[in-house]
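Trainee: Take a look at this one; I'll ask things after.
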Amino acid sequence: MAKEATIDTLLEEERIFYPPEEFTRQANVKSKEIYAEARANPQLYWAMQAERLDWFRKWDRVLEWNPPFAKWFVGGKLNACYNCVDRHLKSWRRNKAAIIFEGEPGDSRVLTYWDLYREVTQFANVLKELGVGAGDRVAIYLPMIPELAIAMLACARIGAPHSIVFGGFSAEALRDRINDAGAKVLITADGGWRRGKIVSLKDNADAALSQTPTVEKVVVVRRTGQEVNMQEGRDLWYHELMAKAPVGCPAEELDSEHMLFILYTSGTTGKPKGVVHTTGGYLVGVSTTHHMVFDIKDSDVYWCTADIGWITGHSYVVYGPLANGTTTLMYEGAPDWPAQDRFWAIIEKYGVTVFYTAPTAIRAFMKWGRKWPAQHNLSTLRLLGTVGEPINPEAWMWYYENIGGGRCPIVDTWWQTETGMIMISPLPGITPLKPGSATVPLPGVEADVVDKEGNPVLLGEGGLLVIKEPWPAMLRTVYGDDQRYIETYWARFKDKGYYFAGDGAKRDYHNYYWILGRVDDVINVAGHRLSTMELESALVDHPWVAEAAVIGRSHEIKGQAVAAFVTLKARAFEELKAAKRSFKEIEGELKAHVAKKIGAIARPDDVFLTAELPKTRSGKIMRRLLRDIAEGRVLGDTTTLADPAVIAELKAKYEARE
Ligand code: 6R9
């Protein structure tokens, strides 16, 4: 790779980093032919990839496609847990580290594949004992501890779809997800560690459980050790159940299309969507991509820093790596605890070789300074990855030089909760890299950039990112709502049969993809998807608020930050004025309210109280103009406004604020 690249050369758009020869020589994918092979016969290509799994019964047909409903490996039978655990026991991998766990307080645990087998089968027996069977949904609300992976795999073993709710979500968010899925059992913990403090998961769970009629039993893992409420007859300690549970439990022979999990993600409406993934296609997709994109070898110590509560954690902390017999690292806490070198200390401690994180984290590392990674030996690293949002070239270069020591390729991977697997990414042994570009679609993935009518745009022009052919790890539906599945992803390009990803993109003259961000009402804050509608309804839920408009404004570290423009009800305004409550206090309370309703990740950075919101004559709030204000730009076209004076006044007041 070009060694002389420096931050000064950043603005040269055409900088290209070629794969180092030594890397290519040892790479899992060494030749570009794979793209042509996959294109010539996609079903054959995916069938060949499916051979990397163990099937109880082989499929009769690779794909049954009744647009937009797909079935992959039809007639095949397998078990995801068996593929992630049992099959590795037949070889030397039985004694290999499956999970390396590092707790935030500094405790650590290593589970071999055999250890994992013991705990997973025991916990599968616990679940059965609690009356959970194939098809029953299990909600999981846990910190990043091994029990989270164990619980997922135990569910997969008995065919109970899991629905994992990120530990940073609020009680209300948990309640809504439990109820939408109709979960029978909830698995949670007393708490988790975050920056030296306890996140009280059980207290949140208790608040949610007062309104979740379907939950019969709650299993509680002891992690933080503080006193928690245990409801007689409902709540059970994990360690007590495990002490009595036998090792060994058959892995159910499940249909390829058996539901593996539901994972909720924000959409353009207020109500989160339950994205449904099934067993065969998903596991083929994630194991194939994990193998190729991360160039995984048996000798690797692989670390994806995502929380398992997000799709990245599902696919690339648990299912992909374990299906491939990889050593996967899990870290419980924050990157700056006890100091800003925690990640680098972990890489040094365990000799991490492949490291996968998010641009927002990289931008935070940049801000903290290169002195932190410089204190550690990072020479074991050989490959780096990023995911979650577009990476700016400065951050890419910083990552490349300061973490990768100028020798590690970076795989910038574009994908989504809905795609299940990485879709656009370099293959590190063969793809020349350009900082900021996710490069090209993986073999077997047909993408394009099109205009509103679905026609391809010219190279260099912006358009909408679409996927033109079904892929094995694609979502199958929105849980309980086929109509929403059709409308959200397929209605837009119905005639062409394209999947609409919700992202804008352009291609350069090397046919490289540059992802431009969401084109819908989804904000990407630090790599997390938030819906403006969901945020607005959380605000309007507050008794003082009359109306709210939420936008994403650009933010140095988080990519985007939540900015809310809020009008108060006249009566509330009078009362607050009479009570001498300051604007600052009111704004603070509204921020806290959103955090309580959705979770801390959704807390707005700015709440701005205003007398009126800019609207069109038909009454639609013009968020575009609010974005111009929040980002300090000249206002765009204001001709459709009902009252242009509103926006002028708002802009003046916004600029005059403290
Ligand atoms: C895996 C994940 C999906 C949205 C997606 C896009 C953005 C993800 C990206 C990227 C540019 C990348 N996104 N990876 N944008 N470059 N490499 O993040 O899933 O949480 O569902 O978010 O994230 O906007 O549409 P999810």
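The values are calculated or read from the model by the stated rules, or taken from the named source; none is laboratory data. Everything numeric here is computed off the predicted structure, so don't read it as measured data. All Cβ positions, even for glycine, are placed from backbone atoms using ideal geometry, and neighbour counts span all protein chains on display. With ligands, DNA and RNA removed, areas are computed over all heavy atoms of the protein, side chains included. Shrake-Rupley method; radii C 1.70, N 1.55, O 1.52, S 1.80 Å.
Trainee: Looking at region 613-637 only, could you name the residues that are part of a loop (DSSP other than H, G, I, E, B) and under 16 Å from residue 551 (Cβ atoms)?
Mentor: Selection gives 613, 614, 620, 622, 631, 632, 633, 635, 636.
Trainee: In the list 437, 425, which residue meets the criterion of being crowded, with 17+ Cβ neighbours inside 10 Å, closer than 14 Å to residue 356 by Cα and within 14 Å of the ligand (Cβ to nearest atom)? Can you show your working first?
Mentor: Values: 437 fails: closer than 14 Å to residue 356 by Cα.
One residue alone meets the criteria, 425.
Trainee: For region 545-554, indicate whether the set of residues that are surrounded by fewer than 20 Cβ atoms within 10 Å (Cβ to Cβ) and under 29 Å from residue 414 (Cβ atoms) is non-empty.
Mentor: Taking region 545-554 as the starting set, the residues that turn out to be surrounded by fewer than 20 Cβ atoms within 10 Å (Cβ to Cβ) are 546-547, 553-554.
Cutting the leftovers down to under 29 Å from residue 414 (Cβ atoms) gives us 553-554.
The answer is yes, given that some residue of region 545-554 is surrounded by fewer than 20 Cβ atoms within 10 Å (Cβ to Cβ) and under 29 Å from residue 414 (Cβ atoms).
Trainee: Would you point out which residue out of 320, 333, 309 is on the phi < 0 side of the Ramachandran plot, open to solvent by less than 20 Å² (accessible area, probe 1.4 Å) and within 12 Å of the ligand (Cβ to nearest atom)? So that I can check it myself, show each step before the final result.
Mentor: Working: 320 fails: within 12 Å of the ligand (Cβ to nearest atom); 333 fails: within 12 Å of the ligand (Cβ to nearest atom).
Of the residues listed, the single one that is on the phi < 0 side of the Ramachandran plot, open to solvent by less than 20 Å² (accessible area, probe 1.4 Å) and within 12 Å of the ligand (Cβ to nearest atom) is 309.
Trainee: Now for a separate question. Identify, please: which residue in region 402-422 is more than 9 Å from the ligand (Cβ to nearest atom) and part of a loop (DSSP other than H, G, I, E, B) and is, among those, nearest to residue 163 (Cα to Cα)?
Mentor: So, considering only residues that are more than 9 Å from the ligand (Cβ to nearest atom) and part of a loop (DSSP other than H, G, I, E, B), the one nearest to residue 163 (Cα to Cα) is 420.
Trainee: Looking at region 336-371, which of its residues are among the aliphatic types (A, V, I, L, M), away from the ligand (no atom under 16 Å from the Cβ) and either open to solvent by less than 20 Å² (accessible area, probe 1.4 Å) or part of a helix (DSSP H, G or I) (or both)? Write out each step before concluding.
Mentor: Step one: list which residues in region 336-371 are among the aliphatic types (A, V, I, L, M), which gives 339, 345-347, 352, 354, 358, 361-362, 364, 366.
In the following step, the residues that additionally are away from the ligand (no atom under 16 Å from the Cβ) were identified as 339, 345-347, 352, 354, 364, 366.
Passing the criteria: 345, 346, 347, 352, 354, 364, 366.
Trainee: Then there's this: In the list 516, 568, which residue meets the criterion of being hydrophobic (A, V, I, L, M, F, W, C) and either open to solvent by less than 30 Å² (accessible area, probe 1.4 Å) or out of contact with any Lys or Arg (no Cβ under 8 Å at 6 or more places or on another chain) (or both)? Don't jump to the end; show me each part of the working.
Mentor: On the way: 516 fails: either open to solvent by less than 30 Å² (accessible area, probe 1.4 Å) or out of contact with any Lys or Arg (no Cβ under 8 Å at 6 or more places or on another chain) (or both).
Within the list 516, 568, the selection yields 568.
Trainee: Open to solvent by 40 Å² or more (accessible area, probe 1.4 Å) and under 30 Å from residue 360 (Cα atoms): does that describe residue 612?
Mentor: Numbers: open to solvent by 40 Å² or more (accessible area, probe 1.4 Å): yes; under 30 Å from residue 360 (Cα atoms): no.
No; evaluated as a whole, the condition is false for this residue.
Trainee: Does residue 463 fit the bill of being more than 30 Å from residue 287 (Cα to Cα), assigned to a strand (DSSP E or B), within 15 Å of the ligand (Cβ to nearest atom) and touching an Asp or Glu at 6+ places or on another chain (Cβ under 9 Å)? Before you say what the answer is, go through the steps one by one.
Mentor: Working: more than 30 Å from residue 287 (Cα to Cα): yes; assigned to a strand (DSSP E or B): yes; within 15 Å of the ligand (Cβ to nearest atom): yes; touching an Asp or Glu at 6+ places or on another chain (Cβ under 9 Å): yes.
Yes: the conditions hold for residue 463.
Trainee: When both residues are 6+ apart or on different chains and their Cβ atoms are under 6 Å apart, which pairs have a first residue that lies in region 456-467 and is without any contact (Cβ under 8 Å) to a residue 40 or more places away in the chain and within 14 Å of residue 501 (Cβ to Cβ), and a second that is part of a loop (DSSP other than H, G, I, E, B) and open to solvent by less than 90 Å² (accessible area, probe 1.4 Å)?
Mentor: Filtered contacts from region 456-467: 466/498.
Trainee: Restricting attention to region 211-259, which residues are small (Gly, Ala, Ser) and more than 28 Å from the chain's Cα centre (by Cα)? It would help to see each step written out before you state the result.
Mentor: Applying the first criterion (small (Gly, Ala, Ser)) to region 211-259 yields 225, 233, 243, 245, 248, 251, 256.
Within region 211-259, 225, 233, 243, 245, 248 meet the criteria.
Trainee: Among (1) open to solvent by less than 60 Å² (accessible area, probe 1.4 Å); (2) outside any strand (DSSP E or B); (3) within 16 Å of the ligand (Cβ to nearest atom), there is one condition residue 492 misses while meeting the rest; what is its number?
Mentor: (1)
Trainee: In this structure, does residue 39 turn out to be in contact with a helix residue (DSSP H, G or I) (Cβ under 9 Å, 6 or more places away or on another chain) and either of a type in the set (A, V, I, L, M, F, W, C) or outside any loop (DSSP other than H, G, I, E, B) (or both)?
Mentor: Working: in contact with a helix residue (DSSP H, G or I) (Cβ under 9 Å, 6 or more places away or on another chain): yes; either of a type in the set (A, V, I, L, M, F, W, C) or outside any loop (DSSP other than H, G, I, E, B) (or both): yes.
Judged against the criteria, residue 39 is a match.
Trainee: The conditions are (1) touching a Cys at 6+ places or on another chain (Cβ under 9 Å); (2) within 16 Å of the ligand (Cβ to nearest atom), and residue 381 fails exactly one of them. Which is it?
Mentor: (2)
Trainee: So which residues in region 386-401 are near the ligand (Cβ under 7 Å from one of its atoms) and either among the aliphatic types (A, V, I, L, M) or open to solvent by less than 10 Å² (accessible area, probe 1.4 Å) (or both), if there are any at all?
Mentor: Going through region 386-401, the residues near the ligand (Cβ under 7 Å from one of its atoms) turn out to be 386-391.
Hits for region 386-401 are 386, 387, 391.
Trainee: Something else about it: Need the failing condition index for residue 448 against (1) assigned to a loop (DSSP other than H, G, I, E, B); (2) more than 10 Å from the ligand (Cβ to nearest atom); (3) surrounded by 18 or more Cβ atoms within 10 Å (Cβ to Cβ); (4) of a type in the set (D, E, K, R), just the number.
Mentor: For residue 448, the exception is condition (1).
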